[in-house]
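I have placed the structure first, in the form of structure tokens, so that the comments after it can refer back to it.
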């Protein structure tokens, strides 16, 4: 899922400017699961912004609400009344939710309350790791189910580079070397042949490099 | 100048906070009337949102009563609260309420006297600080 | 001969090759390069020009390679995949060849977090193996990466790097095999201080039949001080500096440590020369180019052979 972390309170306060009525809008999906922008986090942030405003002498009212999926226009329709009340909206959803709010409610500015970090998974309580870069051309079948595009600092297709040491990445020794993991996995699957062949240059058009991507499903269109 | 009477919210564990409170009652040891005690099944349930709610509702100070190290009824709830304390203090400092208005006491089941002393000490420390910045000008006494 | 360079001549005629390294300056002063050329000329067969080494911005390797050519020394231009996509890589290759550069070392490149612009966006459109294949295809098929014909395809003598000491150790010879399959003509290794481990690596490289397919130049470098030795041992990923070397450096009297570093380097060259499959040495005396003369002389590498002029050949 999408992983995010809340922006520093001071940064969010600065984004509010002179706004008198602030709506903090959470999302009940990815950001709730990673404890960055769900109902509780939106409520806490609203309380903190409200009190910070009061102690600083601002005349500011802060409300909060949450929608189940801020990334879908039909879900954000539910908060029409709150939006109509607000001068500004702080979205604690991912960058998608924040943009959907700006598209759906074009006459109000929705600002981000979180930084959207990556697509990842929890590896232990409170620790989330990147796993996918949405490159649009999945090669996990050739790499033992471990993604070198997202997890190798150099996105190498023919790794590991010369900086792999003791199973750690040269860029950050807290992070495992993806190609060491791939090597061990393929070895255990008796599929090292996959790593011995040279692969072709990747076609990055399906990734962000090809410009904004769009999926059209004719079977689903109305 | 009238004497300032602070409003204190005590978030207490239902074990290591509730038992000494009841013992104090049985032994007729009075505790400060400024303290409004709210019990939770586990102190770890009290996260930033709950603490902010107390200040927003008018508290001048919040005291958390957690179990002693190694004696948590829920194994590690007290440790989780300790883990979060620094961030909670930082948040209170940042929003202008002040870190010192949030206290923590790790109590023992059989310590009614210590429990009451902690409460008295905390009430006294908040009296010294005066009213919460959110309450200034709204209540007499500061 | 594939590219007809001096380095290729030395290696293909069975001489024990010696290459050096020249770090371009962090500035536009061509004099710095000229001065270093003077310290290297006559002692090595060719000299590597690093490409924003350790991700620190420096004069481009193409420009520095040109200066080296003008200075009467043969360049080995290094190219990384960190800063260029496949368009820029190919454009620079075509340009480099047009300027007379004939030896190319293909690298993936140190990550930019190590350098002086850690905030930058990296590229890594290709990796070193894909770069090798691209340069090989230009030379042998006359085509660009997309399959289009190049008008005047570069005929490069193609080099690769190898780190025998990185992990997974068992996979390293296989990775070298991949580089050979992708088109590497010669290989320069990471700096060797742990000779037994390198010997072990070379044994397995030999078992894979690679020693007959590629010229392997053992990487060496003199250590100037105990601090430098420690730094390499602890802070450079993929470097293996055994305790014995650290002890030897710290035992030497303070004013004799640089000398001791040169002696260690000379001994490693002599030991590496005895290892089957080692076709030469790559001496990295970075920011200590003055040491090259003494190292090559004491290691018995002088005088360097020279390729016969084309008209004589």
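Summary table
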| quantity | calculated |
| --- | --- |
| Relative contact order [Cα under 8 Å, 6+ residues apart], chain C, whole percent | 20 percent |
| Degrees separating the helix C:61-70 axis from the principal Cα axis of chain C, which is the longest one | 80 degrees |
| Separation of the residue B:73 and residue A:108 label points, Cα + 7 Å toward Cβ, nm | 4.3 nm |
| Shielding by partners - mean other protein chain Cβ count within 10 Å, residues of A:178-188 | 2 |
| Chain A: antiparallel DSSP beta bridges as a percent of all, rounded to 5 | 45 percent |
| Gyration tensor verdict on chain C (Cα atoms; rounded if a/c is under 1.5, prolate if a/b is larger than b/c, oblate otherwise) | rounded |
| Alpha carbon convex hull of the protein assembly as shown, projected area averaged over orientations, nm² | 41.8 nm² |
| Packing rank of C:142-155, C:105-118, C:42-55, where each peptide gets the mean count of other beta carbons within 10 Å, highest leading | C:42-55, C:105-118, C:142-155 |
| Segments B:27-36, C:84-93 sorted - mean Cβ within 10 Å per residue, highest first | C:84-93, B:27-36 |
| Exposure proxy order (Cβ contacts within 10 Å, fewest to most) of A:194, C:39, A:220, C:7 | A:220, A:194, C:39, C:7 |
| Within 10 Å of each Cβ in C:157-170, the average number of Cβ atoms from other chains | 3 |
| FRET efficiency for residue A:190 and residue C:302, using Cβ-Cβ distance with R0 set to 56 Å, rounded to 0.05 | 0.65 |
| Efficiency of FRET between residue A:198 and residue B:37 - r from beta-carbon atoms, R0 60 angstrom, step 0.05 | 0.30 |
| Antiparallel bridges, percent of DSSP beta bridges restricted to the protein assembly as shown (to nearest 5) | 15 percent |
| Rounded to 5, percent antiparallel among DSSP beta bridges of region A:1-121 | 25 percent |
| Shape category assigned to region A:1-117 from the gyration tensor of Cα positions, a/c cut at 1.5 | oblate |
| Intensity falloff of chain A expressed as log10 I(q)/I(0), Debye formula with alpha-carbon point scatterers, at q = 0.09, 0.10 Å⁻¹ | -0.50, -0.59 |
| Acute angle (nearest 10 degrees) that the helix C:86-98 long axis makes with the longest principal axis of chain C, alpha-carbon atoms | 90 degrees |
| Förster-model FRET efficiency, 25 Å R0, residue B:128 and residue B:53, C-beta, rounded to 0.05 | 0.55 |
| Label-point separation, residue A:56 to residue A:33 (7 Å along Cα→Cβ), nm | 3.4 nm |
| Anisotropy class of region C:31-73 from Cα gyration tensor, a/c 1.5 cut | prolate |
| Residue C:148-residue A:214 pseudo-label distance in nm [points 7 Å out on the Cα-to-Cβ vector] | 2.7 nm |
| Residue-span extension gain [residue C:31 to residue C:293] - 0.36 nm each, minus C-alpha spacing | 92.3 nm |
| Fewest-first sequence of C:13, C:61, A:155 by Cβ atoms within 10 Å of each Cβ | C:13, A:155, C:61 |
| For chain B, average projected area of the Cα convex hull in nm² | 8.1 nm² |
| Ordering of C:168-176, A:55-63, C:132-140, C:17-25 by packing [mean C-beta count within 10 Å, highest first] | C:17-25, C:132-140, C:168-176, A:55-63 |
| Inter-chain Cβ neighbour average for residues C:78-86, partner chain, 10 Å | 1 |
| Chain C: angle of helix C:195-207 to the longest principal axis, Cα-based, in degrees nearest 10 | 40 degrees |
| Volume of the Cα convex hull of region A:159-208, divided per residue and given in Å³ | 114 Å³ |
| Solvent-free Debye scattering, log10 I(q)/I(0), computed from the Cα coordinates of region C:50-130 at q = 0.17 Å⁻¹ | -0.65 |
| Spatial separation of Cα centroids for region C:265-283 and region C:156-216, in angstrom | 14 Å |
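Values quoted throughout were computed directly from the atomic coordinates according to the rules given, and no laboratory measurement underlies them. Just so you know, these numbers come straight off a predicted model, no measurement behind them. With ideal geometry, Cβ positions are generated from the backbone for all residues, glycine too; neighbour counts draw on all protein chains shown.
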